[in-house]
């Protein structure tokens, strides 16, 4: 997304980056991919993928298509497709997904439920999105 | 017919040679027209609106970013006007974003006439073509009532782009035809060699910026408002001549 040579080229998928320069509070609803490197308090929903990076601190229930976690989460994590938990991840909350991978060293305190993702309805109404 | 609006600072002696060259080039290309010279005594608004009422369809702004911003604020309501830019003087980031070269070379861009319809941003009652910026961490960005984005850090730079240049790799490139304002929040390190770090990026169509103390808001690089401000993509669009088929 950053530093593309071709000016005005539309990114293939719009990305949101929550960096360490911000703290986000409230209900974050997006249509695109999200990368979190900063602090989020509230809830996060996206129709696309979510990546929670190593220094990120997320105090929120999160829902996405697929989720990669390397940071700290306090809240429930729901992914329609898959969740990938990396070695530095710390999760305090329940996990629901279809496919799960966990690296050695990750800390999880909560229940893991597999295969009930058909009940999950990711946010899909334009009027509810506050981030494009 | 083309109407050329010369900003008032172009009456300074140092610009005369460049303007003379420019006028010769415009005549060679067959696109010379009426020249309207702004001065401190003449109202830009009245002059531009008078010419539009008389049938002006092609308005060429000769000046810098400030000139462009002033003119778009009067012509945004007219959807049949085509704008062109001949950048003379600094800053000229808007022209750069549209791939328009400085001075005489811009005449060839006008002659090629690649017209694009692009979005305008709106901040309170003012339009902007390029960006709105705030250099303070003491503000809160609210895309809606349920979400707050609070900058963290000391040297915070907030930019809301409709159109931007590709000078800085930390800045995502915007498409001014997508109805989205790219909101960039970053920390700046260093004085001479600026280092951009901890970048946050939000594609938004509207937001409100509030603060406890009023904070200065730059519109297209010019200081003009204080917080609180409401920013959105305006329903009005402008037709503008660009240097390349950019979008």
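List of remarks:
- Three-way shape label, region B:2-112, alpha-carbon gyration tensor, a/c 1.5: rounded
- DSSP-defined beta bridges in chain B - what % are antiparallel, rounded to 5: 75
- Förster radius 25 Å - calculated FRET efficiency between residue B:39 and residue B:115, Cβ distance, rounded to 0.05: 0.25
- Pair residue A:81, residue B:8: separation of 7 Å Cα→Cβ label points (nm): 5.8
- Peptides B:215-222, B:114-121 ordered by average Cβ neighbours within 10 Å, highest first: B:215-222, B:114-121
- Note on residue B:135/residue B:57: beta-carbon distance plugged into 1/(1 + (r/R0)^6) with R0 of 35 Å gives a FRET efficiency of 0.35.
- Taking label positions 7 Å along the Cα-Cβ direction at both residue B:192 and residue A:112, the computed distance is 5.4 nm, reported to one decimal.
- Cα gyration tensor category, rounded, prolate or oblate, for the protein assembly as shown with a/c compared to 1.5: prolate
- Relative packing of B:198-204, B:12-18, which averages over residues the other C-beta atoms within 10 Å, highest first: B:198-204, B:12-18
- Within 10 Å of each Cβ in A:22-33, the average number of Cβ atoms from other chains: 5
- Number of partner chain Cβ atoms within 10 Å, mean per residue of B:132-142: 1
- Cβ-Cβ FRET estimate between residue A:74 and residue B:206, R0 fixed at 45 Å, reported to 0.05: 0.90
- Look at the stretch B:192-205: the mean tally of other chain Cβ atoms within 10 Å of its residues' Cβ atoms is 5.
- Stretch gain in nm, segment residue B:99-residue B:125, where the contour uses 0.36 nm per residue and the Cα spacing is subtracted: 6.6 nm
- Between B:157, B:145, B:69, the GNM of chain B built on Cα springs shorter than 10 angstrom shows B:145 fluctuating the most.
- In this simple spin-label approximation, residue B:78 and residue B:90 carry label points 7 Å from Cα along the Cα→Cβ vector, and these lie 3.3 nm apart.
- For region A:15-125: rounded, prolate or oblate by the Cα gyration tensor [a/c cutoff 1.5]: oblate
Read the figures in this text as sums done on the coordinates, not as results from a lab. These numbers were taken from a predicted model, which means no experiment stands behind them. Counting neighbours? That spans all protein chains shown, and the Cβs are built from the backbone with ideal geometry, glycine included.
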